[in-house]
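Take a look at the structure below.
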Amino acid sequence: MSKLAIHGGDPVRTKPFPEWPRPTSELKDVIIATLENEGWGVGSEAISRFEDRFAEFHDAKYCISTSSGTTALWVMLKAAGVKAGDEVIVPPYTFIATASAVLMANAVPVFVDIDSDTFNIDPDLIEAAITGKTKAIMPVHIAGNPADMDAILAIGEKHGIAILEDAAQAHGAEWNGSKVGALGLGGIFSFQTSKNMSAGEGGAIISNDEAFYETCFSYHNCGRTKGGEFYEHQILGGNFRLNAMASSMLLPQINSLPNDMELRDKNRKKLDDALIQIDGLTINGNYSGATRQSNHLYLTKYDAAKFNDIPRERFFKAMQAEGIYTYMGYTPLYREKLFVTDSEEYPWLKGYDFSSMKMPMTEKIADKEAVWLKQNYLLGNNDDTRDIIDAFEKVTTTLHTKPELFQD
Ligand SMILES: Cc1ncc(COP(=O)(O)O)c(C=O)c1O
């Protein structure tokens, strides 16, 4: 085995991985066309064209585009009837917006630990977290790997609690052959730069429920009602609308997404087949209903005990030196300072103690085991994927056979 790059050897990879997002000529053309020929904001056909097509693509009746995934979350929570002091069940292994949007809706995020096989909320732990204040359960399809929606929808039905999906990372993902997002009352997506469909910033809410959709419309559009007067504001909403240039950029990406998905699937399979052979790495699991993943991230697990107790961070440094950027990803959200709040500013959080929380699976994954690769690593050709595998094999072989090289 050749010398590791951290010790002065040649790195496996010196070229960048495919660029993301991609400034294609098609996107440039549609932006200019909208700029020159259509409204730029409220009422623009470019916006309704995108909304109609995204709803159809995602097996939903309705779609509302928003300025971001975070604003989509806030609008969705409000439209689901989440009120001051209500509780919303969420996983702690996700992007901060899943939980911070709950706080912004004056409600309380109630964290439920994850299943360490899939990194998704553990459905077996949800019922114990339900109280008289629980208004919604919001699973996150982390990395685009669907949460156990059959189990979660059944819990929602049994307790009469709305199921809202945070599908920010799950464009095109499927549960039992149907696209995710509108499996419960509604769901959101993000079109922020890194996402598998990107307009730089942007978001969407989808649903099959007309009344919910109309309430979402109101919250995202300054409290206006559909068909109402322009200066008539029935509820406290805001301007959380997507602009027309962003909408026009997203429309062609609905057409290019399936090819990208196929490529990510193919490369993911190659990575899985190779990494499964390495003692100490475990590929990510999925539920039987997860018939399609969006592969927004490639996630795997590192077991230091199988690598002579060399911690994951040493492995990351060695991989990064080889030109493959692996990293740790999320930390448990309940540790974030923002949840240690001033009770004058957030009186509804009085009595909730986030700082002493401990969730064993989230901590095992976040603190010790998770290994992330960004989605553009899955958009390369066979040689690109081979480089990723070679770097994993090079570094892990050295960890197995010459751990002394990783000591200080
Ligand atoms: C799981 C999850 N939820 C919510 C969001 C928020 O989306 P945005 O960054 O568009 O506000 C993101 C994206 O960053 C996310 O990954």
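Nothing in this text is a laboratory measurement; each read-out follows from the coordinates by a stated rule. None of these values were measured; they are calculated from a predicted model. Neighbour counts are summed over all protein chains in view; Cβ atoms, including those assigned to glycine, are modelled from backbone coordinates with ideal geometry.
Using Cα atoms only, what is the angle between the long axis of helix 244-275 and the major principal axis of the chain, expressed in degrees (0 to 90) to the nearest 10?
It is inclined by approximately 30 degrees.
For a quick protection proxy, order the peptides 84-93, 34-43, 120-129 by their average other-Cβ count within 10 Å, most packed first.
Highest-to-lowest ranking by the protection proxy: 84-93, 120-129, 34-43.
What distance in nm separates the two pseudo spin-label positions at residue 263 and residue 29, each 7 Å out from Cα along the beta-carbon direction?
1.9 nm
Going by how many other Cβ atoms sit within 10 Å of their own, how do 76, 249, 104 line up, fewest first?
104, 249, 76
Going through the cross-link list 179/374; 270/364; 28/135, which pairs have a Cα-Cα distance over 31 Å in this structure?
Pairs exceeding 31 Å: 28/135.
In a shell of Cβ-Cβ distance under 11 Å around residue 35, excluding residue 35 itself, what net charge do Lys and Arg (+1) and Asp and Glu (-1) give?
With Lys, Arg at +1 and Asp, Glu at -1, the net is -2.
Mark the label point 7 Å from the Cα of residue 150 along Cα→Cβ and return the residues of region 121-137 whose backbone N is within less than 19 Å of it.
121-127
How far is it, in nm, from the label point at residue 386 to the one at residue 336 when both lie 7 Å from their Cα along the line to the Cβ?
4.2 nm
What are the residues whose amide H is under 5 Å from the amide H of residue 162, where those residues sit 5 or more places off or on another chain and H is modelled from the backbone?
Those qualifying (amide H under 5 Å, at least 5 residues apart or on another chain) are 137.
Please find the FRET efficiency linking residue 256 to residue 344, where r is the Cβ-Cβ separation and R0 is fixed at 56 Å, and quote it to the nearest 0.05.
0.70
Once amide H atoms are built 1.01 Å from N in the peptide plane, which residues 5 or more positions from residue 134, or in another chain, come under 5 Å H to H?
Residues meeting the amide H criterion: 87.
Beyond 38 Å, how much of the Cα-Cα pair distribution for the chain remains, as a whole percent?
It works out to 24 percent of all Cα pairs.
Give, rounded to the nearest 20 debye, the magnitude of the charge dipole that region 25-253 has about its Cα centre when Lys and Arg contribute +1 at Cβ and Asp and Glu contribute -1 at Cβ.
In debye, rounded to 20, region 25-253 gives about 600.
Under the rule of at least 5 residues apart or a separate chain, name every residue whose amide H is placed under 5 Å from the amide H of residue 174.
180, 291, 292, 293
How far is helix 210-220 tilted off the main Cα axis of the chain, in degrees rounded to 10, range 0 to 90?
It works out to around 80 degrees.
Kindly express, to the nearest 10 degrees and within the range 0 to 90, the angle between helix 25-37's C-alpha long axis and the longest C-alpha principal axis of the chain.
Long axis of 25-37 versus the principal axis of the chain: about 20 degrees.
Extension gain residue 194-residue 124, at 0.36 nm per residue separation less the Cα-Cα distance, in nm?
Stretched fully, the residue 194-residue 124 segment lengthens by 22.1 nm.
Expected output is a single nm value to one decimal: the length gained when fully extending between residue 157 and residue 22, i.e. 0.36 nm times separation in residues minus the C-alpha distance. What is it? Intermediate values should be presented prior to the final figure.
Numbers: separation 135, 0.36 × 135 = 48.60 nm, distance 4.15 nm.
Taking residue 157 through residue 22 to full extension adds about 44.5 nm, to one decimal.
What number comes out for the charge environment of residue 76, summing +1 per Lys or Arg and -1 per Asp or Glu over other residues with Cβ under 11 Å away?
Numbers: positive: 78; negative: 165, 166.
Overall, the nearby charge balance is -1.
Give the lysines whose C-alpha is closer than 19 Å to that of residue 402, dropping any in the same chain fewer than 8 places away, or say none.
The reachable lysines, counting only those whose Cα sits under 19 Å from residue 402, are 3, 306, 317, 394.
PRE reach from residue 48 (point 7 Å along Cα→Cβ): which of region 218-242 fall under 15 Å by backbone N?
226-228
Which net charge results when you count Lys and Arg as +1 and Asp and Glu as -1 among the other residues whose beta-carbon is under 14 Å from that of residue 349?
Once positives and negatives cancel, what remains is -4.
Among 109, 21, 160, flag the residue with its Cα farthest along the positive direction of the charge dipole of the chain, charges on Cβ as +1 for Lys/Arg and -1 for Asp/Glu.
The residue sitting most towards the positive pole is 21.
Let's see if you can work this out: charge +1 on each Lys and Arg Cβ, -1 on each Asp and Glu Cβ, no other charges. What is the dipole magnitude of the chain about its Cα centre, in debye to the nearest 20?
The dipole magnitude comes to about 520 debye.
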